[in-house]
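The structure appears right after this line, and notes come after that.
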Amino acid sequence: MPLTFDDLLARARALTAGGRRALLGIAGSPGAGKTTLAERLVRELNGSGEPWVAHVPMDGFHLADVELERLGRRDRKGAPDTFDAAGYAALLRRLREDDGEGSDDIVYAPGFERDLEQPLAGAVPVPPTARLVVTEGNYLLLDTGAWARVRPQLDEVWFCALDETERIRRLVARHEQFGKAHAEAVAWVHRTDQRNAELVEATWERADLVVPVAELAG
């Protein structure tokens, strides 16, 4: 039977059996639909009651442009070495070890401002009531450098699979939405994003589940 969105909801709920906090990762290439899937999961699981699911994107750990300029990496923004991978892994570990039980403390994670294309400190609150944390990003399954510290902190990682032509179309449209001219968007996708996508695609076999995002029903 084809995978449905209801199947994903049930699988996500099962991760928190016994009331413990669980961390679910959603990986995939740029433009594959990670954020859309994560946001839908969080929205549907939380419903209209007290929120018990939090969304912590990896994108908040982008290095700021001023630091990328200093390092000479501004033209490769989005590559693995343009993120604070160690900081991201440390936050996931904190969320796992400090699961909120008996605490009133909120854990704050950085967000990412798409209009500015810059990280934003303390933008994402994770309340102590959060039993499931959904995190998404390109490099959750990468096993090199500090990225290798990420996967051990996650209970499961799902990999978003999307037809390559559609993925590139969506990615170009997203760059245009946030200010790039069409020719500039196409050039960036093929010069920078595609190199990163090839790296990400090589990690899919490490995922617990491959999600055909374009075929989801329910």
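In the range 1-89, counting only helices (runs of 4 or more DSSP H) that sit wholly within it, the ones holding 1 or more residues that are buried (at least 20 other Cβ atoms within 10 Å of the Cβ) span 5-14, 34-46. Is it the case that some residue within the range 134-144 is free of Cβ contacts under 8 Å to residues at least 60 places away in the same chain, buried (at least 18 other Cβ atoms within 10 Å of the Cβ), among the β-branched types (Val, Ile, Thr) and touching a helix residue (DSSP H, G or I) at 6+ places or on another chain (Cβ under 6 Å)? Checking the range 134-144: not a single residue is free of Cβ contacts under 8 Å to residues at least 60 places away in the same chain, buried (at least 18 other Cβ atoms within 10 Å of the Cβ), among the β-branched types (Val, Ile, Thr) and touching a helix residue (DSSP H, G or I) at 6+ places or on another chain (Cβ under 6 Å).
Number of residues in the range 154-169 that are buried (at least 16 other Cβ atoms within 10 Å of the Cβ), in a helix (DSSP H, G or I) and not β-branched (Val, Ile, Thr): the value is 1. Quick check on LEU116: is it assigned to a helix (DSSP H, G or I), without any contact (Cβ under 8 Å) to a residue 40 or more places away in the chain, hydrophobic (A, V, I, L, M, F, W, C) and farther than 25 Å from VAL210 by Cβ? No.
With respect to the conditions (1) polar (S, T, N, Q); (2) touching a Leu at 6+ places or on another chain (Cβ under 7 Å); (3) over 30 Å from ASP104 (Cβ atoms), GLN194 falls short on a single one, namely (2).
Residue by residue, here is whether (1) in contact with a Cys (Cβ under 7 Å, 6 or more places away or on another chain); (2) hydroxyl-bearing (Ser, Thr, Tyr); (3) within 17 Å of CYS160 (Cβ to Cβ) holds:
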site: MET1; (1), (2), (3): no, no, no
site: PHE5; (1), (2), (3): no, no, yes
site: ARG13; (1), (2), (3): no, no, no
site: ARG20; (1), (2), (3): no, no, no
site: ALA32; (1), (2), (3): yes, no, yes
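Taking the criterion of being basic (Lys, Arg) and touching a residue at least 60 places away in the same chain (Cβ under 8 Å), the residues of the range 170-204 that qualify are ARG170, ARG174, ARG195. Would you say ARG151 is surrounded by 14 or more Cβ atoms within 10 Å (Cβ to Cβ), charged (D, E, K, R), in contact with a strand residue (DSSP E or B) (Cβ under 9 Å, 6 or more places away or on another chain) and farther than 30 Å from GLN194 by Cβ? Criteria not met by ARG151.
None of the figures in this text is laboratory data; all of them are computed from the coordinates on show. Note that the structure is a prediction, hence the values are computed from the model and not measured. Because the Cβ atoms are built from the backbone with ideal geometry, glycine has one as well, and the counts that use them run over all protein chains shown.
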